[in-house]
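The next block holds one structure in the form of structure tokens; read it before the comments.
The values are calculated or read from the model by the stated rules, or taken from the named source; none is laboratory data. Model, not experiment: these values are computed from the prediction. Here Cβ is always computed from backbone atoms with ideal geometry, including for glycine, and neighbour counts include all displayed protein chains.
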Amino acid sequence: MTGCTSTVAPRPTESTVVDAPLRVVNHDSPGFSGPEPARTGARLGAESDGCVYIEFDGDRYTPIWPAGITATGTHDAFSIVDADGETIRESGVEFVAGGLVQSQASSGELSNTDCITGELFLFTNP
């Protein structure tokens, strides 16, 4: 067939794959309260879709942050910052996390709900 051309889009390679922007799940309240047990050895990470997660005791959870908390940086090295731009947590650094594990949020609105997988970790001391 004269004049017909066919092109096949190249498959992404490691150097052409771009990770999605970092995203956190926020609750619409400024914070949670409660005498929840502290969990040592917590670490933050990010999925390729940009969703931030927390791991401790060999399990992974979706962290629910108070309103105003965001993530900045790259998937390999990022910071969790408060509404004033102050760093409160960093990926790759173990920390003590105070909060509550729940199967679902009890009330209020959540952002980035597509990031929610499995159980939730509601911070009482972000």
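In region 38-89, of all residues being out of contact with any Phe, Trp or Tyr (no Cβ under 8 Å at 6 or more places or on another chain), of a type in the set (Ser, Thr, Tyr) and exposed (fewer than 13 other Cβ atoms within 10 Å of the Cβ), the one that is nearest to LEU22 (Cα to Cα) corresponds to THR74. Residues of region 28-40 that are within 16 Å of GLY98 (Cα to Cα) and either at pLDDT 65 or above or under 18 Å from the mean Cα position of the chain (by Cα) (or both): PRO30, GLY31, PHE32, GLU36, PRO37, ALA38, ARG39, THR40.
Where strands (runs of 3 or more DSSP E) fall entirely within region 65-126, those with at least 2 residues that are more than 15 Å from GLY45 (Cα to Cα) are at 95-102, 120-123.
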